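Each remark here refers to the structure printed beneath this line.
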Amino acid sequence: MSADRGRDETLESTWSTATPMGTKAIDPQSIRNVTIIGDSDETTRVVHRLFRRFARTGSGTAAATVRWVTDCVDHTIHIAELSSHAPIADLERSIRVADGVIAVVNAAVKSTPRLGTILRLADDHQVARLCLVTGLDHPAADFDRCVRAITETRGAVPLALQIPIGTDFEGVIDLVPMWALEPMAVEFYGDHWKVAEQWYRDLVATVMEQDVPDPDAIPDLREIPPEQLHERIRCLTRIGDAVPVLCDAAPWSDDIAPLLDAIVRYLPSPMHVCQPEHALDY
């Protein structure tokens, strides 16, 4: 369940917007260059959902460029995809030159050794990371196992920003804005709300740890504005201390908004990366 809806969304194929007077320059700080890495079927499905959402058909190989508005600011997101089964040298090269990486992991697959490889390579090259969990509608799906796999990876502290609900995957709960949805959401989600509340407490304790070392001193959950959590998550992600974890949309939904919002809010622009390979080409 996403708190942000009704955005102005357009699919663009260039770095700039054509206008009758010429070309409109794009603020480099509003650009996100990300590479989605995972099983080729999974990454292609995610990219194709972008094209379906914007009523376009993609080839499955070319990078997608999306214009997206988050928090009333226009952003340009360039998204490339790469199979996690590519040779390690190719994986490392692609990760090294990316501004941000989205690791796609299938919750129904018990062993995901390449997930750890992707996260470690990104950590080695100081590249910010997100994780997108797919396959949640499969009977064997185990979201907790995916989170544990990230926990066991060097340099990766998972921050679950969404959790799946229902044994048959009825949808997801967005944790960061959840208190803004009370009391309607409490009634709507029923017993799932208690589970979400515990996940939210764990999220707050993790992201506020440096600001509030004493857990007993953390403000009441309802008093923490979502903007404060967004800022802490952004800082931890960009310095490589945390990996935000998102749930892929249900098969009957083309809702890609939470993923695009997370890319914009938590991953850096080319102006905020320090590697010499991250050259801004515009």
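The values are calculated or read from the model by the stated rules, or taken from the named source; none is laboratory data. Keep in mind the model is a prediction, meaning the values are calculated, not measured. Methodologically, a virtual Cβ is constructed for each residue, glycine included, from the backbone with ideal geometry; neighbour enumeration extends over all protein chains shown. What goes into the accessible areas is simple: the full protein's heavy atoms, side chains included, and nothing from ligands, DNA or RNA. Shrake-Rupley method; radii C 1.70, N 1.55, O 1.52, S 1.80 Å.
When you check residue 3 against the structure, is it of a type in the set (Gly, Ala, Ser) and either farther than 26 Å from residue 133 by Cβ or modelled with pLDDT of 50 or more (or both), yes or no? Full working, then the answer.
Working: of a type in the set (Gly, Ala, Ser): yes; either farther than 26 Å from residue 133 by Cβ or modelled with pLDDT of 50 or more (or both): no.
No: the conditions fail for residue 3.
Give the residues of region 154-163 that are at pLDDT below 95 and buried (at least 21 other Cβ atoms within 10 Å of the Cβ), sorted by residue number. The answer is 156, and nothing else. If you go through region 130-153 and keep only what is in contact with a strand residue (DSSP E or B) (Cβ under 7 Å, 6 or more places away or on another chain) and surrounded by fewer than 15 Cβ atoms within 10 Å (Cβ to Cβ), you end up with just 151. In region 244-269, the residues that are closer than 15 Å to residue 34 by Cα form Cβ pairs under 9 Å with partners that are buried (at least 22 other Cβ atoms within 10 Å of the Cβ) and aromatic (Phe, Trp, Tyr), at six or more places apart or across chains, as follows: 244/266; 260/68; 261/68; 263/68; 264/68.
For region 84-102, what are the residues that are surrounded by 17 or more Cβ atoms within 10 Å (Cβ to Cβ) and not in a helix (DSSP H, G or I)? The answer is 84, 98, 99, 100, 101, 102. Considering region 184-207, and only residues there that are closer than 22 Å to residue 227 by Cβ and at pLDDT below 85, the residue that is surrounded by the most Cβ atoms within 10 Å (Cβ to Cβ) turns out to be 185. For region 247-263, filtering for residues that are open to solvent by 10 Å² or more (accessible area, probe 1.4 Å), at pLDDT 90 or above and either closer than 14 Å to residue 128 by Cβ or of a type in the set (Asp, Glu) (or both) leaves 1.
Here residue 167 passes the criteria (1) β-branched (Val, Ile, Thr); (2) farther than 17 Å from residue 38 by Cβ; (3) open to solvent by less than 50 Å² (accessible area, probe 1.4 Å) except the one numbered (3).
Considering only region 106-129, I want to know if a residue exists there that is closer than 19 Å to residue 261 by Cβ, touching a Gly at 6+ places or on another chain (Cβ under 8 Å), open to solvent by less than 30 Å² (accessible area, probe 1.4 Å) and β-branched (Val, Ile, Thr). For region 106-129, residues closer than 19 Å to residue 261 by Cβ, touching a Gly at 6+ places or on another chain (Cβ under 8 Å), open to solvent by less than 30 Å² (accessible area, probe 1.4 Å) and β-branched (Val, Ile, Thr): absent.
Restricting attention to region 62-99, the residues that are touching a Leu at 6+ places or on another chain (Cβ under 9 Å) and free of Cβ contacts under 8 Å to residues at least 40 places away in the same chain total 3.
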